[in-house]
Amino acid sequence: MNPKIEVNDLNLWFGRVHILQDIDIIIPANQVTAVIGPSGSGKSSLLRCFDRTNELITRTKTTGHIVIDGRDLAFEDPLDLRSRVGMIFQQPASLPGSIYENVAVGPRLFGIRDRRKLDVIVEESLTRAALFNELKDRLKKSAGALSGGQKQRMAIARALALNPEVLLFDEATSALDPISTQRVEDLIDKLKSTTTIIMVSHNMQQAARVSDHTLFMNVEEDGAARVVEFGPTDKIFTNPEDEKTERYITGRFG
Amino acid sequence: MRRRVYDRIVQIILIAIASMMALFLIYLVGYIIGSGIRGFSFGFLTRAPSGITQTGGVWPMIASSMYLIGLTLLIAVPLGVGGGIYLAEYAGQGRIVETIRFAVDILSSVPSIVFGLFGLALFVQFFGLKYSMLSGALTLTLMVLPLLLKISEESFRAVPVTYREASLALGATKDQTIFRIILPTALPAVFTGVLLSAGRAFGETAAVLYTAGLSPTTPVFPLDGGRTLSTHLYLLATTGKIEESFKVAMVLLVVILVFNVLSNVVISRFRRRFIKEAR
Ligand SMILES: Nc1ncnc2c1ncn2[C@@H]1O[C@H](COP(=O)(O)OP(=O)(O)OP(=O)(O)O)[C@@H](O)[C@H]1O
Ligand SMILES: [Mg+2]
């Protein structure tokens with residue numbers, strides 16, 4: 001098991017408020033890590049540490065280190081980092097313009113203008129997102145009319161167009177119907193071979209089904225979120241060490 | 001049961017009010033067209049007025065109106081849309097921005113005759129631009145700017161945050177996000193504001209009277225004077241040429257109707273292109 005992301009003693013504040021406290025984890029490469037925990041337990045905030053988008057939202061302070069492939073994030077160009085770490089949100093955004101434009105946004109931002117290159121990237125990304133065959137005849141049509149599930153897979157294709165090493169899914173299926181959810185889960189399973197995936201989920205069955213490792217976070221008395229337990233998904237779901245983990249996954253709190 | 005009777009009564013009252021308004025509108029349009037159509041010929045649109053009475057044609061007025069609107073939009077749209085982007089995306093909060101907003105709100109409720117006087121003093125006299133299309137356009141710009149600013153600012157604010165998040169998460173800079181994602185999304189709404197401004201400028205009389213002048217000639221250069229349709233109408237009516245006034249009123253009305261229909265078509269096109277699918 002190769003480590004992809006090492007988080008050392010990470011602390012995060014939004015203004016004066018202590019949000020994440022003493023996070024120490026190692027995310028394995030080419031595997032799916034699920035992040036679970038009650039609402040407000042800092043799951044989204046943790047994800048946003050990995051692409052440094054917290055700093056766009058409010059005044060933040062971070063201590064500790066996040067290291068991806070041996071390189072400390074703090075010293076990287078945030079724009080470049082965000083192109084290598086993709087984020088998929090709960091509500092997929094279909095940007096103005098065609099499906100093609102929606103997928104080509106990322107490469108264009110980074111200066112790729114050549115039409116043939118873009119064609120190749122768009123086709124590849126849509127194929128990897130299991131959407132190309134479904135939409136190949138209407139790439140030039142507006143993206144607005146796609147179904148929720150298609151929009152979400154288009155958002156995944158948009159992230160894939162930048163060829164990211166890490167993909168972050170923040171409750172990416174919680175607005176989707178069961179069939180679309182199934183498709184995205186299948187997709188996550190396939191994307192594992194090329195990317196490292198971290199997914200936040202409120203659905204325990206999904207976390208158990210899809211992930212290799214599970215991270216359980218919880219807010220302590222003082223209001224800051226900590227890691228309660230982190231380990232192989234099998235173990236967390238069948239034989240958790242912490243009593244709080246067991247209570248959370250069996251639905252008795254949170 | 002009583003609730004249903006109550007609902008029914010409210011409904012009847014509302015329908016009555018709505019049909020009264022519709023009837024009044026139809027009556028108004030019918031009356032103006034009915035009065036204007038008498039003795040109307042197509043040549044009225046293409047001829048210049050003649051004689052000391054300045055009657056018999058409105059071509060220079062149509063030209064002046066179009067010239068003035070074009071020039072006004074040319075100046076006002078970059079300022080208004082640029083200012084809207086600034087207020088929505090860059091300004092943040094603070095005393096200065098609050099002051100700007102307050103000033104804009106005040107400005108939007110100033111009567112247009114005051115703009116006319118101000119334009120006369122500043123552009124016509126102080127800057128020596130004379131009674132001209134340029135003086136008129138600058139004055140109209142001041143007049144429509146609050147509306148344009150407000151509508152563009154609101155259009156930018158109305159773009160869902162999810163678009164912003166998605167763009168920033170891809171590694172876009174703030175400027176890229178604003179100009180490649182937010183601006184195209186807000187464009188249809190901004191366009192509505194531009195059309196509203198054009199409509200106001202077209203119908204405006206008082207602000208134009210003192211700044212663009214009354215010369216019944218076709219303007220060519222920005223420093224040429226001219227007489228718009230609405231000022232022409234005002235002059236005719238105040239000098240008792242009622243029959244001729246109605247002809248001009250009809251032309252104004254028809255232009256505004258055509259303009260509205262066209263803009264509705266354009267807006268719904270826009271909407272369809274951006275929001276729905278044109279299968
Ligand atoms: N922009 C912000 N400014 C200030 N505080 C914030 C901001 N966003 C989140 N927080 C706070 O950070 C804490 C963690 O929030 P976060 O969104 O990371 O939780 P979460 O585990 O993702 O919750 P959920 O399951 O509801 O999505 C919460 O107490 C929240 O109030
Ligand atoms: Mg969250």
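Structure summary
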| quantity | calculated |
| --- | --- |
| Residue pairs meeting the criteria (Cβ under 7 Å; at least 6 apart or on separate chains; first more than 14 Å from chain B (Cβ to nearest Cβ), in region A:34-47; second within 8 Å of ligand 2 (Cβ to nearest atom)) | A:Val35/A:Lys43; A:Val35/A:Val200; A:Gly37/A:Lys43; A:Lys43/A:Val200 |
| Residue within region A:225-236 that is within 16 Å of ligand 2 (Cβ to nearest atom), over 28 Å from A:Trp13 (Cα atoms) and outside any strand (DSSP E or B) present | no |
| Whichever residue in region B:225-252 is under 22 Å from the mean Cα position of the chain (by Cα) and not in a helix (DSSP H, G or I) and, among such residues, is farthest from B:Trp59 (Cα to Cα) | B:Gly225 |
| Those residues of region B:167-198 which are at the interface with chain A (Cβ under 7 Å from one of its Cβ atoms) and in a helix (DSSP H, G or I), in sequence order | B:Leu168, B:Ala169, B:Gln176, B:Ile181, B:Pro184, B:Thr185 |
| Residue check for A:Pro3: within 14 Å of chain B (Cβ to nearest Cβ) and either modelled with pLDDT under 95 or touching a Cys at 6+ places or on another chain (Cβ under 6 Å) (or both) | no |
| Residue that is surrounded by fewer than 20 Cβ atoms within 10 Å (Cβ to Cβ), touching a helix residue (DSSP H, G or I) at 6+ places or on another chain (Cβ under 7 Å) and either within 14 Å of another protein chain (Cβ to nearest Cβ) or part of a helix (DSSP H, G or I) (or both), where the choices are B:Leu87, B:Leu140, B:Leu147, B:Leu122 | B:Leu147 |
| Qualifying position, being among the aliphatic types (A, V, I, L, M) and either over 23 Å from A:Gly148 (Cα atoms) or within 16 Å of ligand 1 (Cβ to nearest atom) (or both), among A:Leu215, A:Leu167, A:Leu162, A:Leu191 | A:Leu215 |
| Test for A:Thr62: is it within 16 Å of ligand 2 (Cβ to nearest atom), polar (S, T, N, Q) and free of Cβ contacts under 8 Å to residues at least 60 places away in the same chain | no |
| Failed item, numbered, when A:Leu12 is tested on (1) over 18 Å from A:Phe89 (Cβ atoms); (2) more than 16 Å from ligand 2 (Cβ to nearest atom); (3) surrounded by 13 or more Cβ atoms within 10 Å (Cβ to Cβ) | (2) |
| Candidates A:Asp119, A:Asp69, A:Asp114 - the one that is away from every other protein chain (no Cβ under 14 Å) and under 25 Å from A:Asp189 (Cα atoms) | A:Asp69 |
| Subset tally (residues that are assigned to a helix (DSSP H, G or I) and at pLDDT 90 or above) for region B:203-217 | 4 |
| Verdict on B:Val220 being outside any helix (DSSP H, G or I), closer than 30 Å to A:Leu168 by Cβ and more than 9 Å from chain A (Cβ to nearest Cβ) | no |
| Test for A:Asp22: is it more than 10 Å from ligand 1 (Cβ to nearest atom), of a type in the set (D, E, K, R) and assigned to a strand (DSSP E or B) | yes |
| Residues of region A:77-89 that turn out to be in contact with a helix residue (DSSP H, G or I) (Cβ under 9 Å, 6 or more places away or on another chain) and outside any helix (DSSP H, G or I), as a count | 5 |
| Single unsatisfied condition, A:Leu109 versus (1) surrounded by fewer than 17 Cβ atoms within 10 Å (Cβ to Cβ); (2) at the interface with chain B (Cβ under 10 Å from one of its Cβ atoms); (3) over 17 Å from A:Leu168 (Cβ atoms) | (1) |
| Counted residues, region B:167-198 - those being among the small types (Gly, Ala, Ser) and in contact (Cβ under 8 Å) with a residue 12 or more places away in the chain | 6 |
| Test: A:Ile197 is away from chain B (no Cβ under 14 Å), more than 16 Å from ligand 1 (Cβ to nearest atom) and touching a Phe, Trp or Tyr at 6+ places or on another chain (Cβ under 8 Å) | yes |
| Residues located in region A:26-52, provided they are within 14 Å of ligand 2 (Cβ to nearest atom), surrounded by fewer than 20 Cβ atoms within 10 Å (Cβ to Cβ) and not in a helix (DSSP H, G or I) | A:Pro38, A:Ser39, A:Gly40 |
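Residue by residue, here is whether (1) within 15 Å of ligand 1 (Cβ to nearest atom); (2) part of a helix (DSSP H, G or I); (3) over 21 Å from A:Pro232 (Cα atoms) holds:
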{"position": "A:Lys4", "(1), (2), (3)": "no, no, no"}
{"position": "A:Leu56", "(1), (2), (3)": "yes, yes, yes"}
{"position": "A:Gly64", "(1), (2), (3)": "no, no, yes"}
{"position": "A:Ala74", "(1), (2), (3)": "no, yes, yes"}
{"position": "A:Asn102", "(1), (2), (3)": "no, yes, yes"}
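So that you can scan it fast, the table gives a plain yes or no per residue for (1) more than 14 Å from chain B (Cβ to nearest Cβ); (2) under 30 Å from A:Thr250 (Cβ atoms); (3) surrounded by fewer than 19 Cβ atoms within 10 Å (Cβ to Cβ):
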residue	(1), (2), (3)
A:Leu95	no, no, no
A:Ala145	no, no, yes
A:Gln152	no, yes, no
A:Glu165	no, no, yes
A:Pro178	yes, yes, yes
A:Asp189	yes, yes, yes
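Residue-by-condition table, conditions (1) closer than 28 Å to B:Gly226 by Cβ; (2) touching a residue at least 40 places away in the same chain (Cβ under 8 Å); (3) part of a helix (DSSP H, G or I):
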{"site": "B:Gln11", "(1), (2), (3)": "no, no, yes"}
{"site": "B:Met21", "(1), (2), (3)": "no, no, yes"}
{"site": "B:Leu68", "(1), (2), (3)": "yes, yes, yes"}
{"site": "B:Leu74", "(1), (2), (3)": "yes, yes, yes"}
{"site": "B:Ile96", "(1), (2), (3)": "no, no, yes"}
{"site": "B:Val114", "(1), (2), (3)": "yes, no, yes"}
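The values are calculated or read from the model by the stated rules, or taken from the named source; none is laboratory data. Bear in mind that the values here come from a model prediction, so they are computed numbers and not experimental data. Note that each Cβ is placed from the backbone with ideal geometry, even for glycine, and that neighbours are counted across all protein chains shown.
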